[in-house]
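Trainee: To start, I am sharing the structure in question, which I have written as structure tokens.
The values are calculated or read from the model by the stated rules, or taken from the named source; none is laboratory data. Worth saying up front: this structure is predicted, and the values here are computed from it rather than measured. Here the Cβ positions follow ideal geometry from the backbone for every residue, glycine too, while neighbour counts run over all protein chains shown.
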Amino acid sequence: MSGAPAAGGEMVAPVGRGGMGGRLDRAASDLHPAYFALVMATGIVSLAAWIQGYAVLARAMLWLNIAFFGVLWVLTLLRLARHAARVRADLADHNKSVGFFTMVPAACVLGTQTLLIGGSTAAAWGLWGFGAAVWAVLTYGIFTILIVKPSKPALADGLSGGWLVSVVATQAVSVLAAQLAGHVGGAGGGGAAEGMLLVALVMWLGGAMLYVWIISLIFYRYMFFPFKPSDLAPPYWINMGAMAISTLAGASLILEGAKSPLVAGLLQFVKGATLLFWATATWWIPMLLILGVWRHIIKKFPLRYDPLYWGAVFPLGMYSVATARMNAAMDLPLLEHVPGMVFVVAIGAWTLAIIGLAHRVIAP
């Protein structure tokens, strides 16, 4: 049977509208590029649970996250094979293209899970290598596409907090690189550890600079353009999440910095910058809560499941983990109870989001 032409002229073999095959194809066709935030959120909440001593929950969420990661990649590859025109359109879309960056922290956060909770260094190395390679392809591929495209949206229409996922992706590579530096052993392990810490340092600094560029535009958009409730999409929580993961990356460098003379020599700078990132993340929390009240209570914008809400769950879990690791790196007893309190909020948000996802999957 011959295939039917889809948008962009690609040939797509027909799939029955009903049945598992039809549902799978529709799921792949409609897959939002940012859906890997599901893996990011589940992974970081799992790590927060591990830090808080809930080992059984953390391990259960690790296995659940492995399943999520596998399913999402199956759908992604199916989408590439059967709906390539839609993928190309998303890559050229200022709002959707940055969602592809969620693939990178998804791999790296899962890598941290397998390293710290699963005890598998080999799996962590594989996921880090994969995440770093995807980061390179997406960073220079997506930004090049958006730079050279002839028709571009106005700033108010093409910019959102989702752009900061590019920062999260960069810092995720840094975090796992620093953690793997602490697990390098054997002959030549010192040189390998120093090399990984150099990578972690460079990515951390580059990610911080990228945040400055993007958040300046976002803040400008906040202050000088009309703002509707629909504009305050969940990815605006990444304003905070990007700084939280930058805090975690800095804390990881501090904890492993003794293995690198370069990092050791910069230790006071790294500590100061890490505290700056944490303070910035903390500043964003009340602001985002106030805007959330304005959106949903004052303006009565409906609250319903959206895959982008995983981009709001992730920053909460990341803030808990980042604060705990910063405490371990810098000995800040006044913040001792903060990670546990934020973890309660994060696991509550994750639970609500997973209920919404289950309803979306089960509902016809």
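Trainee: Suppose the filter is surrounded by 23 or more Cβ atoms within 10 Å (Cβ to Cβ) and either touching a Pro at 6+ places or on another chain (Cβ under 8 Å) or modelled with pLDDT of 95 or more (or both); does Ala281 pass it?
Mentor: On the way: surrounded by 23 or more Cβ atoms within 10 Å (Cβ to Cβ): yes; either touching a Pro at 6+ places or on another chain (Cβ under 8 Å) or modelled with pLDDT of 95 or more (or both): yes.
When the stated conditions are applied, Ala281 passes them.
Condition check ((1) at pLDDT 95 or above; (2) aliphatic (A, V, I, L, M); (3) more than 18 Å from the chain's Cα centre (by Cα); (4) under 27 Å from Gly317 (Cβ atoms)) across all residues:
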position: Pro5; (1), (2), (3), (4): no, no, yes, no
position: Met11; (1), (2), (3), (4): no, yes, yes, no
position: Met20; (1), (2), (3), (4): no, yes, yes, no
position: Leu31; (1), (2), (3), (4): no, yes, no, yes
position: Ala41; (1), (2), (3), (4): yes, yes, no, yes
position: Gly53; (1), (2), (3), (4): yes, no, yes, yes
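Trainee: Continuing with this model, one more query. Filter segment 29-81 down to the residues that are free of Cβ contacts under 8 Å to residues at least 60 places away in the same chain and either assigned to a loop (DSSP other than H, G, I, E, B) or among the polar types (S, T, N, Q) (or both) and list them by number.
Mentor: Within segment 29-81, Ser29, Asp30, Leu31, Gly53, Tyr54, Asn65, Thr76 qualify.
Trainee: In this structure, does Asp306 turn out to be surrounded by 12 or more Cβ atoms within 10 Å (Cβ to Cβ) and of a type in the set (Asp, Glu)? If you could, list the steps in order and put the result at the bottom.
Mentor: Numbers: surrounded by 12 or more Cβ atoms within 10 Å (Cβ to Cβ): yes; of a type in the set (Asp, Glu): yes.
Yes: the conditions hold for Asp306.
Trainee: Got a number for residues in segment 103-158 being surrounded by fewer than 22 Cβ atoms within 10 Å (Cβ to Cβ) and aromatic (Phe, Trp, Tyr)?
Mentor: Going through segment 103-158 one residue at a time, the tally reaches 4.
Trainee: Do you know which of the residues in segment 65-101 that are in contact with a Gly (Cβ under 6 Å, 6 or more places away or on another chain) and hydrophobic (A, V, I, L, M, F, W, C) is nearest to Ala133 (Cα to Cα)?
Mentor: Among those that are in contact with a Gly (Cβ under 6 Å, 6 or more places away or on another chain) and hydrophobic (A, V, I, L, M, F, W, C), it is Val98.
Trainee: In this structure, is Ala346 in a helix (DSSP H, G or I), under 20 Å from Met40 (Cα atoms) and touching a Pro at 6+ places or on another chain (Cβ under 8 Å)?
Mentor: Details: in a helix (DSSP H, G or I): yes; under 20 Å from Met40 (Cα atoms): yes; touching a Pro at 6+ places or on another chain (Cβ under 8 Å): no.
Criteria not met by Ala346.
Trainee: On to the next question. β-branched (Val, Ile, Thr) and under 19 Å from Gly162 (Cβ atoms): which single residue out of Val321, Val338, Val313, Val344 fits that description?
Mentor: Result of the check over Val321, Val338, Val313, Val344: Val313.
Trainee: Find all pairs meeting these conditions: Cβ atoms under 7 angstrom apart; at least six residues apart or on different chains; first residue within segment 333-361 and in contact (Cβ under 8 Å) with a residue 60 or more places away in the chain; second residue acidic (Asp, Glu) and loosely packed, with under 14 Cβ neighbours inside 10 Å.
Mentor: As it stands, the answer is none, since no pair meets every condition given.
Trainee: Now, a different point. Tell me the helices (runs of 4 or more DSSP H) entirely within segment 229-325 that contain at least 2 residues that are of a type in the set (S, T, N, Q) and either under 23 Å from Thr102 (Cβ atoms) or touching a Lys or Arg at 6+ places or on another chain (Cβ under 8 Å) (or both).
Mentor: 238-256
Trainee: Next up: Within the bounds of segment 106-129, is there any residue that is closer than 29 Å to Tyr222 by Cα, part of a helix (DSSP H, G or I) and modelled with pLDDT of 95 or more?
Mentor: Looking through segment 106-129, at least one residue is closer than 29 Å to Tyr222 by Cα, part of a helix (DSSP H, G or I) and modelled with pLDDT of 95 or more.
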